[in-house]
Amino acid sequence: MNSRRYAKVAVKVACSAALALFGASTALAKTAPAARLQVDPKAFTLVHVTLDGKPLALRRYEAVYVRKPVAMAANQPARRMGPGGSPAAADKQVLANPLAYQSLYVFVPEGAKADAAIILNVNNGGWFASELRAGIRDGGSYQSTSNTDKVGAALAAGYVYVDVGTRGRGIVAADGTYPGHAPAAVIDTKAAIRWLRLNDAALPGSAERIVVTGTSGGGGLTAVIAASGDSPDFLPELARIGAAGISRTGKSTLSDAVFAAIAYCPITDLGHADLAYEWLYGPVRSAGGTRGNTGGGQWMPAQMAASARLAAGYPAYLDSLHLKLADGRALTAATMRDAIGAQVIAEVEHHIAQGGTVPARGEPFNIAIPRMFGGSMQITRANDWVTVSGGKVTDFDLGAFLTFVAAITPLKPVPAFDRSHNSGNTGIDGENTLFGAADQAWSNFTPYGWEANDVAGDGSGADDAGLAWKGWITHRGQPLARQLRMIDPFSYLGAEAKARVAPYWYVRHGMIDRDTAFPVEIALSRAIAGDSAVKELDFALPWMTPHSGDYDVQSAYRWLKKVISESGSW
Ligand code: DHB
């Protein structure tokens, strides 16, 4: 979803989470949690829903999934921007339940089998913390044939459905520190997976069939979880919060690997996403073909200079990944544009094969864009980038296509993710509050952002640290390097990485999604495909889809059913 729409959704989520928790049983008391992590199979709440109009009962279990949850401040600061760019008042929340960042719900449909898949929903859009919220509501009605109702699809397939709350950026602990910095969301999700493994025999569903799924920040979290199974990197933090399956000596006695990932528009590789963004979109900015964020309709010279510097860093970074295209050629700056084009062309032809139409050159596309306050808005944009004939693309102009994308949703400012000027940078459009020491609200996390930061006293940047990036990141900034590594699937994908990578991946990034640039997603897809543990990757840039998720539920759940049946004993 785009950032403006996100603000509205975030408010809704915050309110509904609070309501859900007030309405929930007292099992999640505000007092000390149970030290035990074992579930009591008899301690559930019955939930009644309808699936395709027929009644269905589910058992709902609630649990704090760590022995030592982090004590949270009761009053949480506003952490997202509301309409108009000021903090949304409704988002300044008093926590209904301070344990909700390290709790989960397990929904077990009547008749679910011991070997059923477990859908594990990570809900942390924006890499923000996600207070636990119930994806399945008593009295809810769900449809198995809808393309947007993943609950309906999961229940119809007999899967167990899990919602997990995790720490993430934007939250404050009782001691005033920031417990949601990277890699907290990854640690918590792994702890939840370990809880599911610990309790595997006690509940229906198989922890050997965990399918992690999420959108945007949640897609990024999904990707790193699926890439980093059982990596020892995470053990010290898992031990610190009392996760299941960590021995007294810090050894792992349970796995946190997962079977599959269903990831939508993953916001990932944050350490390099600014480079990819400018490498791809810099020429669109220079052509002035899209609005700037300065109100003047043009990008400021300083932004253009920053864009050029960032773009220049991308080719060497991409080379350093040593990725290969499906045809065996190296994925480099020289082949990346073709790789993006091939993916878009494949999607255009897929759209036609499905019965869709493509306007002639000069004729308009009619595109539905979700609105900030619900519903959608029809926009029209002329086709100046693709010609089709007989179901095939006969001419394609990538430059014009990128200008088209940026004309639908204005590009992010420069840099897209690591804002050099941090003041007020608490909104969704910059990721700085994901990084920094525990007592530091935010940090820059890239060489450019670090060196361009001139906000004296914010504790970040060469101006405060007295060290240029290289000196910083290799010495006192080592914890930051670790934060970047531990939220990044690229750190774990690839033959030499020590992790148990999920064998099955379904990854989507909308064809008109500009929240991160296409090279990030293309590179991710090739890193996944190139990992020897991966048996299947289904990757696409869905037709005229903006930043969003769970829009092709039928396709995703058909895919899941197929890979489960072909997986044997993973
Ligand atoms: C999300 C969107 C962004 O543009 C971003 O930088 C991070 C996260 C999101 O929708 O989750």
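The values are calculated or read from the model by the stated rules, or taken from the named source; none is laboratory data. Small disclaimer: the values here were computed from a predicted structure and weren't measured. Cβ placement follows ideal geometry from the backbone for every residue including glycine, while neighbour counts extend to all protein chains displayed. These area figures cover heavy atoms from the full protein model, side chains too; ligands, DNA and RNA do not enter into them. Shrake-Rupley method; radii C 1.70, N 1.55, O 1.52, S 1.80 Å.
Pick from the range 232-261 the residues that are of a type outside the set (A, V, I, L, M) and not in a loop (DSSP other than H, G, I, E, B): which of them is farthest from the ligand (Cβ to nearest atom)? In this case the residue turns out to be S252. Among the residues making up the range 504-527, those that are touching a residue at least 60 places away in the same chain (Cβ under 8 Å) and more than 16 Å from the ligand (Cβ to nearest atom) are Y504, W505, Y506, M511, I522, A523, R526, A527. Being in a strand (DSSP E or B) and closer than 26 Å to L155 by Cβ is the requirement here; does D550 meet it? Here the answer is no, as D550 does not meet what is asked.
Here V388 passes the criteria (1) under 28 Å from D513 (Cβ atoms); (2) assigned to a loop (DSSP other than H, G, I, E, B) except the one numbered (2).
Please work out if D327 is farther than 17 Å from T545 by Cβ, among the charged types (D, E, K, R), without any contact (Cβ under 8 Å) to a residue 40 or more places away in the chain and touching a Gly at 6+ places or on another chain (Cβ under 8 Å). Can you show your working first?
Values: farther than 17 Å from T545 by Cβ: yes; among the charged types (D, E, K, R): yes; without any contact (Cβ under 8 Å) to a residue 40 or more places away in the chain: yes; touching a Gly at 6+ places or on another chain (Cβ under 8 Å): no.
So D327 fails the test.
Can you pull out every residue in the range 477-513 that is modelled with pLDDT of 95 or more and of a type in the set (K, R)? Of everything in the range 477-513, those that are modelled with pLDDT of 95 or more and of a type in the set (K, R) turn out to be R482, R485, R500, R508. Within the range 97-150, the set of residues being among the small types (G, A, S), surrounded by fewer than 24 Cβ atoms within 10 Å (Cβ to Cβ) and touching a Ser or Thr at 6+ places or on another chain (Cβ under 7 Å) comprises A114, A116, S141.
If you filter the range 325-344 down to residues that are assigned to a helix (DSSP H, G or I) and among the β-branched types (V, I, T), you find that the one that is surrounded by the most Cβ atoms within 10 Å (Cβ to Cβ) is V344. The residues of the range 33-69 that are free of Cβ contacts under 8 Å to residues at least 40 places away in the same chain and surrounded by 21 or more Cβ atoms within 10 Å (Cβ to Cβ) amount to a single one, V64.
Cβ separations smaller than 9 Å between residues 6+ apart or across chains give no pair from the range 218-231 residues that are at pLDDT below 95 to residues that are near the ligand (Cβ under 10 Å from one of its atoms) and among the small types (G, A, S). Residues of the range 369-406 that are open to solvent by 20 Å² or more (accessible area, probe 1.4 Å), more than 21 Å from A306 (Cα to Cα) and small (G, A, S): G374, G375, S376, A382, S389, G390, G391. Condition (residue is within 25 Å of A416 (Cβ to Cβ), open to solvent by less than 30 Å² (accessible area, probe 1.4 Å), under 16 Å from the mean Cα position of the chain (by Cα) and among the hydroxyl-bearing types (S, T, Y)) applied to the range 489-499: is it met by at least one residue? Within the range 489-499, not a single residue is within 25 Å of A416 (Cβ to Cβ), open to solvent by less than 30 Å² (accessible area, probe 1.4 Å), under 16 Å from the mean Cα position of the chain (by Cα) and among the hydroxyl-bearing types (S, T, Y).
Taking first residues from the range 491-502 that are within 19 Å of S320 (Cα to Cα) and partners that are of a type in the set (A, V, I, L, M) and at pLDDT below 85, the Cβ contacts under 8 Å between residues at least 6 apart in sequence or on separate chains come to S491/A497.
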